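Inspection log for the structure reproduced underneath, given as structure tokens.
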Amino acid sequence: MANVIEARDLVKTYGEVTALDGLDLDVPEGTVVGLLGPNGAGKTTTVRILTTLLKPDSGTATVAGFDVLRQPDRVRSVIGLTGQYAAVDEYLTGRENLRMFGDLYHLTPEYVRTRTTELLERFDLADAADRSLRTYSGGMRRRLDLAASLIAKPSILFLDEPTTGLDPRSRLGLWEVITDLVAEGTTVLLTTQYLEEADQLAEEIVVIDHGRVIAQGTSDTLKDAVGGNRIEVVVVDPAQVSTAVQALTAVANGEVIADAEERRVSAPVSGGSTALVEAVRGLDAAGVGIADIVLRRPTLDDVFLTLTGHVAEEDAA
Amino acid sequence: MSATDSLVSVPMRSRPIFGWALHDGFVVARRNLIQTVRVPELLFFSLVQPVIFVLLFAFVFGGAIPIPGADPTAEPDTSVYRQYLMPGIFGQTVAFAAAASTVGLAEDMHRGLIDRFRSLPMASGAVLFGRTFADAARQILVLTVLSITGFLVGWRINDGVISAIGAFALLLLFAYTVAWIGAWIGLYMPNPETANTAGLVWLFPLTFLSNAFVPITAMPDWLQPIAQWNPISSLVLAARDLFGNPTGIIGDAWPQQNPILYTLISCAVLIAIFAPLAIRRYRRTTAR
Ligand SMILES: Nc1ncnc2c1ncn2[C@@H]1O[C@H](COP(=O)(O)OP(=O)(O)OP(=O)(O)O)[C@@H](O)[C@H]1O
Ligand SMILES: [Mg+2]
């Protein structure tokens with residue numbers, strides 16, 4: 001599969017701050033790639049460079065085969081962008097907003113009219129279509145924002161934290177829309193701070209921190225990279241946390257993490273249920289009272305903590 | 001690659017004869033003018049200030065500011081000052097159109113709209129052409145309301161309709177010119193609150209260091225050249241001329257002798273400087 005987005009060694013600094021520090025990115029055609037990172041990781045900066053809004057200090061990037069620096073107009077004609085904050089006109093109605101963006105894409109007036117109606121229905125905004133946006137809720141605004149970036153049926157869509165600030169129901173709705181778009185063949189680069197969202201939507205996840213890629217792969221390979229399963233124990237008596245750590249270290253194949261406040265101990269293990277049985281025996285033998293014990297597959301949260309925790313150590317060194 | 005084909009599947013307009021820049025500028029101007037209608041409070045307050053100025057100057061200061069050149073032996077006549085005053089208020093009001101462009105662009109930037117516009121395949125000056133055009137066009141309404149107010153306090157058009165239309169056209173051209181300066185400033189604003197102040201500060205010295213309210217001959221000597229070469233002075237003087245209102249004593253400086261020509265040249269030069277500066281800034285700017 002050809003890559004429709006390719007970035008090589010992107011560097012961008014703002015005075016003292018290094019927003020991007022040699023970022024590489026590949027997005028194959030027809031896939032969703034999730035760019036995952038904490039606040040300040042460089043997600044928005046990456047999206048701005050790829051959508052021609054910002055020039056990198058160095059490095060190259062192409063979108064649909066067009067160089068973002070040398071052919072910005074060609075790039076703009078094939079992309080749709082939904083930025084981190086809803087970028088729609090407050091005073092216009094939903095329909096007027098879509099019409100304006102459609103006109104600016106130089107679509108025919110007839111097409112703009114039918115497409116606008118179609119999008120308003122699809123995003124559940126038909127009833128509010130002719131109201132000024134000042135009467136819209138945050139979720140409605142966000143949906144209109146996404147609709148606006150779809151008006152010209154772009155083949156490549158950039159979504160910068162599309163569901164931040166939405167309630168769970170609106171978030172699920174937006175996920176559905178994005179899934180549908182991908183089924184129709186749209187390529188999507190999505191940034192998010194929500195691991196669950198990357199897990200749900202993206203085939204490939206690129207984890208970035210401090211402007212660098214620190215891990216990359218499907219959500220399964222990332223989880224495997226962190227280690228296999230984990231055993232999580234909640235002890236009855238906070239005083240016994242350290243005893244529990246000792247007992248679990250015997251079963252674990254890596255560092256055992258303890259959270260004294262939550263009375264929680266978490267240990268990476270290689271086996272499945274056998275490890276669980278061993279852990280229960282060990283804790284019992286040490287006289288630790290168990291409030292709760294589970295065996296679970298690592299979540300992306302674990303991936304993320306492991307990876308960024310590691311990077312933070314490197315930075316300090 | 002299908003990625004590049006996809007836009008072919010949506011029907012595109014053929015290029016209008018006057019070009020995309022004008023088409024896109026018109027789309028943006030339409031949007032800005034819809035805003036004016038949707039937020040009548042804003043329009044209302046932009047009208048209130050000049051109307052208050054008219055009433056203040058006409059009734060409070062009217063007799064106190066002597067107009068040199070008016071017959072000194074005659075009884076002090078407040079209506080002479082009102083005739084003299086109105087073109088000054090017109091000039092000051094259109095100059096303040098710049099502040100609307102500053103604030104409007106700062107808001108668009110703050111809301112991320114400029115980012116979105118910049119990600120579209122549209123002509124890159126269009127957002128600014130649309131904004132400045134709409135802000136100048138709004139002045140038609142403002143000038144209408146002002147003229148009616150002026151008429152009620154005794155201001156008259158004494159030199160025929162044709163030259164009065166010329167005066168209004170010159171005022172609108174000036175509004176369009178300063179809107180570009182305002183737009184350029186707006187693109188440097190970190191937030192709309194700062195734009196509210198920065199959009200106005202430079203306009204007060206600019207409008208008061210002119211013949212808008214006080215004859216230049218009444219100013220200290222060192223200020224007089226500044227006021228004489230201030231384009232607002234020539235604009236106001238040209239308007240007084242064209243409306244057939246009293247002009248006071250006209251200085252020897254070239255702009256005072258050739259007010260219409262100097263105003264036209266000033267507008268051309270200022271647009272030639274600030275439009276490219278603003279467009280260049282626009283191409284590089286992003287929100288936050
Ligand atoms: N215009 C700017 N001026 C100065 N520093 C900036 C600017 N834009 C971004 N930065 C800095 O660059 C770094 C990366 O910012 P960026 O907005 O790309 O992060 P992000 O991953 O999108 O974060 P968030 O999740 O908060 O949106 C941050 O440290 C930020 O403070
Ligand atoms: Mg961001």
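One residue is enough: does segment A:100-113 have a residue meeting the conditions aromatic (Phe, Trp, Tyr), assigned to a helix (DSSP H, G or I) and within 31 Å of the chain's Cα centre (by Cα)? Within segment A:100-113 (the criterion being aromatic (Phe, Trp, Tyr), assigned to a helix (DSSP H, G or I) and within 31 Å of the chain's Cα centre (by Cα)), the answer is yes, since at least one residue qualifies. I'd like to know if segment A:130-140 contains one or more residues that are among the aromatic types (Phe, Trp, Tyr), more than 16 Å from ligand 1 (Cβ to nearest atom) and over 20 Å from A:THR117 (Cβ atoms). No.
B:LEU141 falls short of the stated requirement of being part of a helix (DSSP H, G or I) and modelled with pLDDT of 95 or more. Restricting attention to segment A:18-47, which residues are near ligand 1 (Cβ under 10 Å from one of its atoms), β-branched (Val, Ile, Thr) and more than 14 Å from chain B (Cβ to nearest Cβ)? Matches in segment A:18-47: A:THR18 only. Looking across segment A:176-194 at every residue that is within 16 Å of ligand 2 (Cβ to nearest atom) and surrounded by fewer than 22 Cβ atoms within 10 Å (Cβ to Cβ), the one that is farthest from the other protein chains (Cβ to nearest Cβ) is identified as A:TYR194.
B:ARG156 falls short on exactly one of the conditions (1) part of a helix (DSSP H, G or I); (2) over 16 Å from the mean Cα position of the chain (by Cα), and that condition is (1).
Among the conditions (1) surrounded by 22 or more Cβ atoms within 10 Å (Cβ to Cβ); (2) of a type in the set (Lys, Arg); (3) in contact with a strand residue (DSSP E or B) (Cβ under 6 Å, 6 or more places away or on another chain), the only one that A:ARG48 does not satisfy is (3). In segment A:18-86, counting only strands (runs of 3 or more DSSP E) that sit wholly within it, the ones holding 1 or more residues that are within 16 Å of ligand 2 (Cβ to nearest atom) span A:32-36, A:79-82. When restricted to residues that are surrounded by fewer than 18 Cβ atoms within 10 Å (Cβ to Cβ), within 14 Å of another protein chain (Cβ to nearest Cβ) and at negative phi, segment A:152-175 contains 1.
Okay, residues lined up against (1) at pLDDT below 95; (2) within 16 Å of ligand 1 (Cβ to nearest atom); (3) facing chain B (nearest Cβ under 9 Å):
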residue: A:GLU6; (1), (2), (3): no, no, no
residue: A:VAL11; (1), (2), (3): no, yes, no
residue: A:GLU16; (1), (2), (3): yes, yes, no
residue: A:ILE49; (1), (2), (3): no, yes, no
residue: A:LEU54; (1), (2), (3): yes, yes, yes
residue: A:ALA61; (1), (2), (3): no, yes, no
residue: A:GLN71; (1), (2), (3): yes, no, no
residue: A:ARG76; (1), (2), (3): yes, no, yes
residue: A:GLN84; (1), (2), (3): yes, yes, yes
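Within segment B:43-56, residues that are over 12 Å from B:SER147 (Cα atoms) reach partners that are of a type in the set (D, E, K, R) with beta carbons closer than 9 Å, at six or more positions or on different chains, in the pairs B:LEU43/B:ARG138; B:SER46/B:ARG138. Filtering segment A:18-31 for residues that are buried (at least 23 other Cβ atoms within 10 Å of the Cβ), in contact (Cβ under 8 Å) with a residue 12 or more places away in the chain and closer than 21 Å to B:THR285 by Cβ leaves a non-empty set.
Filter segment A:100-119 down to residues that are facing chain B (nearest Cβ under 9 Å) and of a type outside the set (A, V, I, L, M), then give me how many there are. Talk me through it step by step, then tell me what you get.
Taking segment A:100-119 and keeping what is facing chain B (nearest Cβ under 9 Å), we get A:100-101, A:103-111, A:115.
Okay, now just the ones that are also of a type outside the set (A, V, I, L, M), so A:101, A:103, A:105-106, A:108-111, A:115.
Total satisfying the criteria: 9.
When segment A:86-99 is examined, which residues are found to be of a type in the set (Ser, Thr, Tyr) and more than 7 Å from every other protein chain (Cβ to nearest Cβ)? Listed by number, the list holds a single entry, A:THR93.
When you check A:THR135 against the structure, is it away from chain B (no Cβ under 14 Å) and without any contact (Cβ under 8 Å) to a residue 24 or more places away in the chain, yes or no? Spelling it out, it is not the case that A:THR135 is away from chain B (no Cβ under 14 Å) and without any contact (Cβ under 8 Å) to a residue 24 or more places away in the chain. All conditions but one from (1) facing chain A (nearest Cβ under 9 Å); (2) surrounded by fewer than 22 Cβ atoms within 10 Å (Cβ to Cβ) apply to B:ILE140; the one that does not is (1).
Are any of the residues in segment A:108-120 crowded, with 21+ Cβ neighbours inside 10 Å, away from ligand 1 (no atom under 16 Å from the Cβ) and not aliphatic (A, V, I, L, M)? Taking every residue of segment A:108-120 in turn, at least one turns out to be crowded, with 21+ Cβ neighbours inside 10 Å, away from ligand 1 (no atom under 16 Å from the Cβ) and not aliphatic (A, V, I, L, M). Only helices (runs of 4 or more DSSP H) whose full extent lies in segment B:221-277 are considered here, and the ones with at least 3 residues that are out of contact with any His (no Cβ under 6 Å at 6 or more places or on another chain) and surrounded by 15 or more Cβ atoms within 10 Å (Cβ to Cβ) are B:224-229, B:231-243.
Filter segment A:157-175 down to the residues that are out of contact with any strand residue (DSSP E or B) (no Cβ under 9 Å at 6 or more places or on another chain), farther than 14 Å from A:PHE123 by Cβ and within 16 Å of ligand 2 (Cβ to nearest atom) and list them by number. Once the filter is applied, which keeps residues that are out of contact with any strand residue (DSSP E or B) (no Cβ under 9 Å at 6 or more places or on another chain), farther than 14 Å from A:PHE123 by Cβ and within 16 Å of ligand 2 (Cβ to nearest atom), segment A:157-175 yields only A:GLY165.
The values are calculated or read from the model by the stated rules, or taken from the named source; none is laboratory data. None of these values were measured; they are calculated from a predicted model. Counting neighbours? That spans all protein chains shown, and the Cβs are built from the backbone with ideal geometry, glycine included.
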